[in-house]
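Here's the structure we're looking at; comments come further down.
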Amino acid sequence: MDLQTTPNLDIPEGKIADFLNGQLRADTEIEQIRQNFERTLIEEYRYVRTDIAVDFRLKIPDGSRTTQKKASLVIFRIGTTSRSQDDVQTVIMVAKPGLQPTDTKGGTDDLEKMMIGCPNAEFGCWTNGIETIFFQKKKQKFDTDIVPVNDFPRRGEDASSIFTTDRSRLRVATGSNLLYAFKRCHDFIHANQGGSKEQIFWEFLKILFAKIEDEQQEGRPRFAIRNADERNMPTGQREVKDRIESLFRDVKSGNEYKGLFDEVAEGIRFNPDVVAYIVAQLEKYNFLHSTVDVKGVAYETIVGPTLEGTKGEFFTPRNVVKMTVKMLDPQPGDRILDPACGTGGFIVVAFNYITEKIRQIERKNWANPDEPTLSEEKILNDKVHAAGRNIFGLDFNANLVKTAQMNMVMNNDGRGGLYPVNSLWKPSHWTIKEARRDVELGSMDIVMANPPFGTKIKVEGQEILEQFDLAHAWHKEGNRWVMDSNLRSAMPPEVLFIERCVQFLKPGKGRLGIVLPDGILGNPDNEYIRYWILSNCHVIASVDLPVETFLPRTGTQTSVLILRRKSEQEKLAESLSGEGIEYSVFMAIARRIGKDRRGKIIYRRDDEGREVISRELYDTFRESTILDYLPTVEPSGRIVDDDLPAIANFFRNSHQDKSNG
């Protein structure tokens, strides 16, 4: 798949092409919310464009007179063709960000009037982008009731489908919908229960684990709102909480997550109404089958605020991670390690990359290549889980390891392999025996890391430093650098991580993808570090990242290095010859990273400064997989201006050509 050739549409500055009908609209916050909802109706609810109308005018009885109101979106009853007000099945009201459901103007009262004005409308939805509320209209003999519910039906479903009574109701999350669902849960918890950030995070994490546990079971879903009473009444909410606590007991009793929740309170401490609200927001989504990007962005919204004293510095930009993984091209069965895993960005993307490779192999044997049977999916999952047992992560921060484990669980793994140990300590001194068993020096096919840098903290202590050549003093003799016997008193962690990552690799075979500050690669004082890298590694590629990569957090200029560890025979041959073997190195400079210095998304423009728009490319992007790694295309057809996908794909194509040659 290729997105390099893109047709232009002449869309003026400040305008956006409507996802449903292509009409130009002002590019405002409220319009962005509507565009995301339109995409949801097509991709999640399976409606077709002709089922939906935009800015549909309704005549609303108001006492003795009739007023006109404009519904942001309406869905017509399937099978009707006149597209009149009588044919409206669902009314959707998109409100300005910041408006509240209880506001007298623009709140849910206006939506209820529109629902009543449409004689056959059964459902309504109000959203301000973050908060989304669903209603059902029930006609009584002398009155009409409008009550809160979980959802409205997808195309072809009846009213009974709004409650999750079977697993066919689960759907893959698209766009920002899971992100917004997480935010709604977060806001509701703070408003209705309170607690410290850490307490809230761990209680919410318990519920996420219960959700994943439920998806892995068969039979009637327990993570569900089964009727209106469970959504709105105290006795029903208590039943929901009882089921979620039962699921969480299943989580704790299993061996997969042993020790993860040992230090947190028993049971689920949220009140029943809070638990019911969270279940109502999340029950409809199929976490295990939603994409790594959709889940990752949503997960980071709850992890980020929990990391004390941080602004998300544990998150490596997602496009940098995907480029690195694509360039390393991990295969099923490869032993993979991130020795500074943080919240798990590298290992999650690598796991999804391998999962997709396994899926593409297996689907050739499926009766229906687009949808496996239960037995076919079990075979697939068994192979995916086997591959996952070869993926490992280390971090000295135990809480980060727990968040990384949840990140892996959300991606259909979590069978272990993540350990709270300091990668720079002697592996023989690690206190966790499983870590000593699984993560040995010289045992990894691939290591990926964004080690801590840009910090004034130094690593001290002879017991640690004596393990590393780079912790010694060095002096230059002619064109060679020679290591002295004396140790330095302290070292920046990123320097030691270079050597440790190489030590973890299999000699002659293992490959490393590492994010490093450009000072290591260019400063004269660090020449001995570069000499060590060239002596011990074959440099496969170097990608220079723009300064915007880690802004607005830090302006440190960085690069990604792809290295292969040399074998002892290779190093011996070079030592005897007195010179290294010449070889070519792939080098690239990324000038655009998809955002500006303030973190605002930037879009591709033509030579005349106009945004490049292609609505057709959105379908190509939506159907692509992590193996394709295409630039992000929004439903409007705007293409995020990011050089990394092109660099990764160019490298893989050229690397494949060389390997074939």
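Distance from a point 7 Å along Cα→Cβ of Gln216 to each backbone N in region 358-385: keep the residues under 11 Å and list them by number. Of the residues in region 358-385, 385 have backbone N under 11 Å from the label point off Gln216. Indicate the gyration tensor shape class of region 15-163 (rounded, prolate or oblate), computed on the Cα atoms with a ≥ b ≥ c the square roots of the eigenvalues: a/c under 1.5 is rounded; otherwise a/b larger than b/c is prolate and the rest oblate. It comes out rounded by the Cα gyration axes. Across region 619-628, computed HN-Hα scalar couplings (Karplus, 6.51 cos²θ - 1.76 cosθ + 1.60, θ = phi - 60°) run 4, 4, 5, 5, 8, 6, 10, 4, 5, 6 Hz from first to last residue, x flagging Gly and Pro. Of the GluC sites (Glu not before Pro) found in region 569-647, the ones in coil according to DSSP and having at most 13 other Cβ atoms within 10 Å of their Cβ are Glu579, Glu582, Glu608.
For the chain, adding -39500 (n - 2.57) for each run of n ≥ 4 DSSP H residues and dividing by the number of residues yields -11000 deg cm²/dmol at 222 nm.
How far is helix 493-504 tilted off the main Cα axis of the chain, in degrees rounded to 10, range 0 to 90? That works out to roughly 80 degrees. Taking the empirical scaling 2.2 N^0.38 Å for compact globular proteins as reference, the chain has a Cα radius of gyration ratio of 1.06. Taken one residue at a time, the phi angles of region 379-393 give Karplus couplings (6.51, -1.76, 1.60, θ = phi - 60°) of 4, 4, 5, 4, 6, 5, 5, 4, 5, x, 6, 9, 10, 9, x Hz. Gly and Pro are set to x.
When only DSSP loop residues count, what trypsin sites (Lys or Arg not before Pro) in region 421-493 have their Cβ near at most 14 other Cβ atoms within 10 Å?
The qualifying sites are Lys456, Lys458.
Extending 7 Å from Cα along the Cβ direction at Glu356 and again at Glu29 yields two label points whose distance is 3.3 nm.
Just need the relative contact order of the chain here, percent rounded to a whole number, with Cα pairs under 8 Å and 6+ apart. For the chain, the relative contact order is 11 percent.
The loop-placed chymotrypsin sites (Phe, Trp or Tyr not before Pro) in region 123-222, going by DSSP, that have at most 15 neighbouring Cβ atoms within 10 Å of their Cβ come out as Phe142. Looking at the chain alone, DSSP beta bridges between its own residues are antiparallel in about 70 percent of cases. Taking Cα atoms only, the orientation of helix 527-536 departs from the longest principal axis of the chain by about 90 degrees. Bridgeable lysines around Lys383 (alpha carbons under 25 Å apart, same-chain partners fewer than 8 residues away excluded): Lys211, Lys252, Lys258, Lys295, Lys322, Lys326, Lys357, Lys364, Lys402, Lys506, Lys509.
Measuring from label point to label point, each 7 Å out along Cα→Cβ, what is the Gln331 to Asn227 span in nm? It is 5.7 nm. Rounded to 0.05, the FRET efficiency of the Arg436 and Asp187 pair, given R0 = 41 Å and the Cβ-Cβ distance, is 0.40.
Distance between the pseudo-spin-label points of Val482 and Lys456 (7 Å out from Cα toward the beta carbon): 3.7 nm. State the Kirkwood hydrodynamic radius of region 307-589 in Å, one decimal place, computed from all pairs of distinct Cα atoms. Averaging 1/r across every pair of different Cα atoms and inverting gives 20.0 Å. With θ taken as phi - 60° and the Karplus curve 6.51 cos²θ - 1.76 cosθ + 1.60 applied, the whole-hertz 3J(HN,Hα) list for region 332-338 is x, x, 5, 8, 10, 9, 10 Hz, x standing for glycine and proline. In a simple Cβ point-charge model (Lys, Arg +1; Asp, Glu -1; nothing else charged), the chain has a dipole of about 780 debye relative to its Cα centre.
Counting other Cβ atoms within 10 Å as a rough exposure proxy, the listed residues Asp329, Asp607, Asp596 run Asp607, Asp596, Asp329 from fewest neighbours to most. Dipole orientation for the chain: of the candidates Val303, Val320, Ala26, Ala26 has the Cα lying most toward the positive pole (charges on Cβ; Lys, Arg +1; Asp, Glu -1). Using the Cβ-Cβ distance between Glu466 and Thr301 with R0 = 56 Å, the FRET efficiency computed as 1/(1 + (r/R0)^6) comes to roughly 0.85. Can you tell which of Gly508, Thr549, Ser246 lies farthest toward the positive end of the dipole of the chain, using +1 and -1 charges on the Cβ of basic and acidic side chains (Lys, Arg; Asp, Glu)? About the Cα centre, the residue reaching furthest to the positive side is Ser246. Rounding to the nearest 10 and keeping the result within 0 to 90°, find how far the Cα-based axis of helix 292-303 lies from the longest principal axis of the chain. Helix 292-303 and the main axis of the chain meet at about 90 degrees.
Once the chain from Asp596 to Ser567 is taken as fully extended at 0.36 nm per residue, the excess over their C-alpha distance is 6.3 nm.
For Gln89, the residues 5 or more places off, or on other chains, whose built amide H falls under 5 Å of its own are Ile75, Phe76, Arg77. The stretch between Ser253 and Asp103, if pulled fully straight at 0.36 nm per residue, gains 49.4 nm over its current Cα-Cα span.
Looking at region 15-163, send over the antiparallel percent of its DSSP beta bridges, to the nearest 5. Display every interim value, and only then the final one.
On the way: 28 of 33 bridges.
Looking only at bridges with both residues in region 15-163, the antiparallel portion is about 85 percent.
Given Cα pairs under 8 Å that are at least 6 residues apart, what percent is the relative contact order of region 35-191? Dividing the mean separation by the residue count of region 35-191 yields 18 percent. Using the Cβ-Cβ distance between Leu551 and Ser64 with R0 = 60 Å, the FRET efficiency computed as 1/(1 + (r/R0)^6) comes to roughly 0.50.
Bear in mind these aren't lab numbers, they're just calculated from the coordinates by the rules spelled out. Bear in mind that the values here come from a model prediction, so they are computed numbers and not experimental data. Heads up, the Cβs are rebuilt from the backbone with ideal geometry, glycines too, and the neighbour counts pull from every protein chain shown.
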